[in-house]
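The values are calculated or read from the model by the stated rules, or taken from the named source; none is laboratory data. Fair warning: this is a prediction, and the values are worked out from it, not measured in the lab. Methodologically, a virtual Cβ is constructed for each residue, glycine included, from the backbone with ideal geometry; neighbour enumeration extends over all protein chains shown.
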């Protein structure tokens, strides 16, 4: 064909397309297929597509549907939700068990990988708490999962840390530093960009999503002060960032609770225009504009499981495009399994709790 | 102090004058000016006169920095034809004018994102070297995207 376009221009244009179009366009010609599946292109697309298309991923466990619901919101004037994502797992509340299951899920290419069970089992301690982190290591060009397990009853025991690398598909033990005296760790939801949703079906599950090399975990130190614990995905080393000494000491669960305007809310994210995305008392998402001191409700009151609301930037990536399809959790099976029936008893129980919260004060 | 003017020459030998301080938004031109003072005419053998006129119009814009983003977007929106946008994107790429290149490529991407495979091939002048079997294999694997 006459007058072919230079490759450089083609790459620039394709790297600005949504993942869904790119998946189709693998069929355009042979060179496009090898381009789209290459590492260089994956990284370029991650940068070029997501920067002008800021979005947020919101997860909550909705009791009416008895399952986790993932929605993507546009970071525009209206903060409009786009159609839901079909998550690979549809576990009802009562099946939130102590299964050692971690799933890596990339909603942009609809691929998920169930990781092999970690070395340190969830059942080891009665009150085992988990912090899961996900990140991309630029040095080894690999995605990594970090899993920190610690004893919720006896805080003196050392946390167990393991790392999973996607390329090797095995867990590896990492030593937790002796000089980090860890009492309680809560995951920090703010320093990351979304690439792949990572979830575990463990009942104390806390999931984190990220692309950044540095993985931050907020932690309460033994000497009754807060600090930020850091984990570098490339060097696999822990670090610590001190916080101001005069920071008032709050119960650990209240660390992220902030008074904004007239509401007591939990700040989940800061938008590009500096509005705050907060969770008000009943699990509702609200947007707070600091200049006008104005609140906008973005979601109707829905009944959801406590502490399941989660917001992070949603960034599309072609990661896992070459992954083997997960036999256990195939998309088709998930579609079939979408049983809309919900448990009346558990709903009544949570409704009661929810109403008490609403009218209690 | 009089403003220095540069002369750019398109593929079809047409001459365009532009003030130097505006022309150096293009990193390519800036480097040329630095190297040899560029006293004479700067030839741009890959850019046709229509496209160069557009590039000059863009470089001559008098926008406040905070409105620049919207201006660039509007500028490419008004040239919504894919062939024009491709020429513009190519010129911006060659001349290394980042914002214009970003905007033009994004506009093309936005226009083609829902195209069928055949429409994409036509728009971006790609030769189909896929057999129907190969096409079907990808379609079967990623049914949800089609």
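General remarks:
- Within the option set A:46, A:61, A:25, being surrounded by 17 or more Cβ atoms within 10 Å (Cβ to Cβ), modelled with pLDDT of 70 or more and under 15 Å from residue B:124 (Cβ atoms) holds for one residue only, A:25.
- Only one of the listed residues (B:93, B:88) is in contact with a helix residue (DSSP H, G or I) (Cβ under 8 Å, 6 or more places away or on another chain), part of a helix (DSSP H, G or I), free of Cβ contacts under 8 Å to residues at least 24 places away in the same chain and crowded, with 19+ Cβ neighbours inside 10 Å. That residue is B:93.
- Which numbered condition residue B:135 fails, given (1) under 28 Å from residue B:11 (Cα atoms); (2) within 10 Å of chain A (Cβ to nearest Cβ); (3) part of a helix (DSSP H, G or I): (1)
- Selection from segment B:70-80 of residues that are farther than 16 Å from residue B:53 by Cα and without any contact (Cβ under 8 Å) to a residue 24 or more places away in the chain: B:70, B:71, B:74
- Flag if residue B:20 is more than 30 Å from residue A:52 (Cβ to Cβ), modelled with pLDDT under 90 and surrounded by 13 or more Cβ atoms within 10 Å (Cβ to Cβ): yes
- If the condition is being facing another protein chain (nearest Cβ under 7 Å), out of contact with any helix residue (DSSP H, G or I) (no Cβ under 6 Å at 6 or more places or on another chain) and outside any helix (DSSP H, G or I), then segment B:102-127 contributes B:124, B:125, B:126, B:127.
- For the condition under 16 Å from residue A:315 (Cβ atoms) and either without any contact (Cβ under 8 Å) to a residue 40 or more places away in the chain or more than 7 Å from chain B (Cβ to nearest Cβ) (or both), residue A:33 does not qualify.
- Hey, residue B:99 over 28 Å from residue B:17 (Cβ atoms) and either touching a helix residue (DSSP H, G or I) at 6+ places or on another chain (Cβ under 8 Å) or crowded, with 21+ Cβ neighbours inside 10 Å (or both) or not: no
- All positions within segment B:58-68 that are without any contact (Cβ under 8 Å) to a residue 40 or more places away in the chain and touching a helix residue (DSSP H, G or I) at 6+ places or on another chain (Cβ under 8 Å): B:61, B:63, B:68
- Residue in segment B:37-48 that is more than 10 Å from every other protein chain (Cβ to nearest Cβ), within 12 Å of the chain's Cα centre (by Cα) and in contact (Cβ under 8 Å) with a residue 40 or more places away in the chain present: yes
- Within segment A:38-52, the residues that satisfy the criterion of being within 11 Å of chain B (Cβ to nearest Cβ) and touching a residue at least 12 places away in the same chain (Cβ under 8 Å) are A:45, A:48, A:49, A:52.
- Among all residues of segment B:57-64, there is at least one that is part of a loop (DSSP other than H, G, I, E, B) and under 23 Å from residue B:10 (Cβ atoms).
- Note on segment A:115-167: residues that are assigned to a strand (DSSP E or B), farther than 20 Å from residue A:237 by Cα and under 21 Å from the mean Cα position of the chain (by Cα) total 2.
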